1. Test each condition in (1) buried (at least 19 other Cβ atoms within 10 Å of the Cβ); (2) aliphatic (A, V, I, L, M); (3) modelled with pLDDT of 90 or more for A:LEU17 and report the one that comes out false.
2. Among the numbered criteria (1) buried (at least 21 other Cβ atoms within 10 Å of the Cβ); (2) touching a strand residue (DSSP E or B) at 6+ places or on another chain (Cβ under 6 Å); (3) hydrophobic (A, V, I, L, M, F, W, C), which single criterion is violated by A:LEU254?
3. What number goes with the only condition from (1) surrounded by fewer than 24 Cβ atoms within 10 Å (Cβ to Cβ); (2) more than 11 Å from chain B (Cβ to nearest Cβ); (3) in a helix (DSSP H, G or I) that A:LYS100 does not pass?
4. Filter segment A:566-588 for residues that are away from chain B (no Cβ under 12 Å) and either at pLDDT 95 or above or surrounded by fewer than 17 Cβ atoms within 10 Å (Cβ to Cβ) (or both); which is nearest to B:VAL85 (Cα to Cα)?
5. Search segment A:106-144 for residues being charged (D, E, K, R) and surrounded by fewer than 24 Cβ atoms within 10 Å (Cβ to Cβ), and hand back the single one that is modelled with the lowest pLDDT.
6. Note down all Cβ pairs under 9 Å where the first residue falls in segment A:168-193 and is of a type in the set (Lys, Arg) and surrounded by fewer than 24 Cβ atoms within 10 Å (Cβ to Cβ), the second is modelled with pLDDT under 90 and in a helix (DSSP H, G or I), and they're at least six residues apart or on different chains.
7. What pairs come up if the first residue lies in segment A:300-312 and is modelled with pLDDT of 90 or more, the second is small (Gly, Ala, Ser) and not in a loop (DSSP other than H, G, I, E, B), and their beta carbons are under 6 Å apart, counting only those six or more places apart or on different chains?
8. Any idea which of (1) closer than 14 Å to A:ASN305 by Cβ; (2) of a type in the set (Asp, Glu); (3) at the interface with another protein chain (Cβ under 9 Å from one of its Cβ atoms) is the one A:ASP240 doesn't satisfy?
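The values are calculated or read from the model by the stated rules, or taken from the named source; none is laboratory data. Since the model is a prediction, treat every value here as computed from it, not as a measurement. Glycine gets a Cβ as well: all are built from the backbone with ideal geometry, and neighbour counts include every protein chain shown.
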Amino acid sequence: MSQFAINIIFVGGSFLLYIAIAIWAKAGSTSDFYVAGGGVHPITNGAAIGADWMSAASFISMAGLIAAGGYANSTFLMGWTGGYVLLAMLLAPYLRKFGKFTVPEFIGDRFYSKNARLVAVICLIVASVTYVIGQMAGAGVAFSRFLEVDSTVGLMIAAVVVFIYAVMGGMKGITYTQVAQYCVLIIAYTIPAVFISLQLTGNPIPGLGLFSTHVDSGMPILSKLNQVITDLGFNEYTADIDNKLNMVLFTLSLMIGTAGLPHVIIRFFTVPKVADARWSAGWALVFIALLYLTAPAVASMARLNLMTTIYPDGTSAEPIQYDERPNWIKEWEVTGLIQFTDKNEDGRIQLYNDSEAFAPTAEARGWNGNELVVNRDILVLANPEIANLPGWVIGLIAAGGLAAALSTAAGLLLAISSAVSHDLIKGSINPAISEKGELLAARISMAVAIVVATWLGANPPGFAAQVVALAFGIAAASLFPALMMGIFSKRVNNKGAIAGMLTGLAFTLAYIFVYKGWLFIPGTNNLADTPENWVLGISPLSIGAVGAIVNFAVAFIVSNATEEPPVEIQELVESVRYPRGAGQATDH
Amino acid sequence: MSAGHSYDAEAYWKANLRLIFGSLIVWALVSYGFAILLRPMLAGIPIGGTDLGFWFAQQGSILTFIALIFHYAWRMNKIDEKFGVHEE
């Protein structure tokens with residue numbers, strides 16, 4: 001059977017499964033649509049959160065980022081998991097006790113202000129839309145490589161599938177498809193990693209293999225990797241870095257941003273009790289860790305495999321002939337994600353770091369520049385091919401990558417559509433709308449959100465990679481502090497919260513735009529985006545944590561200078577702190 | 001919930017805050033401490049071709065986070081019961 005047919009079977013089979021679940025879990029009420037009826041078991045919810053959270057970025061890009069950056073990019077591993085500690089202790093149980101449908105609804109009620117709710121809706125929509133673009137684009141890449149269809153056609157197929165289960169089932173349909181998608185993606189991620197770990201270290205558990213001995217050389221695998229890449233002029237993989245302030249702030253921004261992302265928070269509204277919200281945060285992190293403990297192993301092993309593919313006889317011998325390159329390089333060349341230029345015209349592939357320090361060595365070997373450019377996003381997708389694994393593993397990776405992208409897209413689309421139908425339409429425009437009317441409005445906004453996301457995915461703005469940083473920055477600087485203060489302080493009032501959100505947001509956006517261009521329009525940046533120009537060495541990607549601090553500070557100062565919140569609001573804060581009497585998430 | 005409840009609301013909330021505070025110290029210590037700022041101090045402890053700080057950065061902090069959340073959930077359930085604010 002051809003590889004194409006295998007891929008079709010795996011991807012098609014998984015899609016049929018999602019649609020079957022959608023038909024089984026149709027939403028009959030707004031409670032079904034927004035919070036899956038509020039009866040989801042904490043372990044089930046944990047798996048759903050795992051799929052909701054682990055996006056194309058986690059599945060496809062993260063290992064590539066770590067492979068390229070080594071120790072310095074451990075920030076993603078810590079940042080995207082440490083946020084769950086904050087969620088479990090600072091937000092999830094209390095928001096579950098509050099027992100409403102959306103994140104802006106809490107902000108609006110707690111700060112007794114329609115404007116606060118509106119600011120929260122805007123933050124939510126901007127953060128979620130920017131995030132969803134990356135998912136749709138990721139699904140497009142997976143389609144174009146594995147199903148040999150145009151990526152726009154691939155996107156349309158993905159959109160139709162999401163449309164079927166998200167519009168029909170709402171949160172209920174999404175919850176159970178996410179559980180299925182979690183299973184698909186974790187199996188797809190783990191199996192190739194196990195094979196590769198066995199090949200390189202003899203240890204079947206990749207996370208342990210990472211710290212084991214490399215079978216061929218008898219050295220620890222990380223020492224071997226350090227040796228191979230430093231021979232070729234790259235920095236040591238495990239080397240420490242100088243700019244620790246930036247590393248701390250970037251990790252903190254990712255953690256706070258993770259805790260403030262609405263599509264994750266609303267998943268905690270689906271469990272029956274406050275105690276379940278705490279447990280499901282723990283289970284979510286267990287399910288996430290299964291991938292996150294494997295990812296650093298995939299990263300270092302894939303980097304080593306890539307190097308030994310190009311230099312089969314060791315780094316001091318000549319690299320392989322271009323004509324004898326393995327099949328997977330040929331196939332990825334077609335997509336443009338691997339590019340080769342024979343700069344010294346010797347017919348061989350020279351892959352090394354074109355740095356000044358390495359220039360004398362390169363010249364002595366007759367090398368005229370690095371000749372192979374490998375897009376780091378393909379690392380996980382190409383992993384089974386690099387390690388010569390059987391065809392069905394490749395089909396599995398295709399289905400897994402799509403599961404990761406679609407499950408996150410669906411969660412984001414639900415957060416967007418519920419903000420529109422519940423917070424905007426029912427909360428502001430037409431409070432008298434019937435439940436049936438609101439359910440219809442929710443479905444229509446979901447459909448519109450899918451169309452917009454698909455269009456943006458097919459025509460991604462040139463700044464797609466940067467907008468993900470924007471999503472975390474917004475969530476960290478606006479939503480997280482407002483939610484936390486709403487629970488932990490009785491003194492923060494409407495004026496303080498709104499002023500805090502707006503200044504936190506403005507500060508963060510301004511810092512990003514100064515370096516990345518205003519509204520990301522190329523050429524409008526005031527300073528070049530290089531470390532020398534950053535204030536105290538803080539990268540624009542790390543600024544969300546500082547924005548959050550600004551938000552907290554402004555909110556406290558303004559609140560203390562103005563009147564106390566009304567008594568009934570202070571009672572509301574009291575009530576979210578105590579689990580008793582949670583009941584199901586309700587409308588009123 | 002304002003008046004007439006039978007439990008000591010203030011003591012319950014303080015117990016929760018204490019638990020959160022302790023957990024977040026550990027949370028910060030393993031990630032910002034061991035994995036980043038204190039890594040040079042741990043450089044002498046070798047583990048599989050690198051040092052303990054690298055392990056905390058890539059795996060150790062994640063494992064600690066899991067333990068922290070389950071510990072918090074388990075302790076809070078006890079505290080809920082002790083103060084009689086647990087759900088029926």
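1. Every listed condition holds for A:LEU17 apart from (1).
2. A:LEU254 satisfies all of (1) buried (at least 21 other Cβ atoms within 10 Å of the Cβ); (2) touching a strand residue (DSSP E or B) at 6+ places or on another chain (Cβ under 6 Å); (3) hydrophobic (A, V, I, L, M, F, W, C) except (2).
3. (3)
4. At the first step, the residues of segment A:566-588 found to be away from chain B (no Cβ under 12 Å) are A:566, A:585-588.
With the extra rule that they be either at pLDDT 95 or above or surrounded by fewer than 17 Cβ atoms within 10 Å (Cβ to Cβ) (or both), the set shrinks to A:566, A:586-588.
Values: A:PRO566: 25, A:THR586: 20, A:ASP587: 23, A:HIS588: 22 Å.
Here the answer is A:THR586.
5. Here is the first cut: in segment A:106-144, the residues charged (D, E, K, R) are A:109-110, A:114, A:117.
Within this subset, residues satisfying the condition of being surrounded by fewer than 24 Cβ atoms within 10 Å (Cβ to Cβ) are A:109, A:114.
Details: A:ASP109: 95, A:LYS114: 92.
Step by step, filter segment A:106-144, then rank; the result is A:LYS114.
6. none
7. A:ALA302/A:ALA67; A:ARG303/A:ALA67
8. (1)
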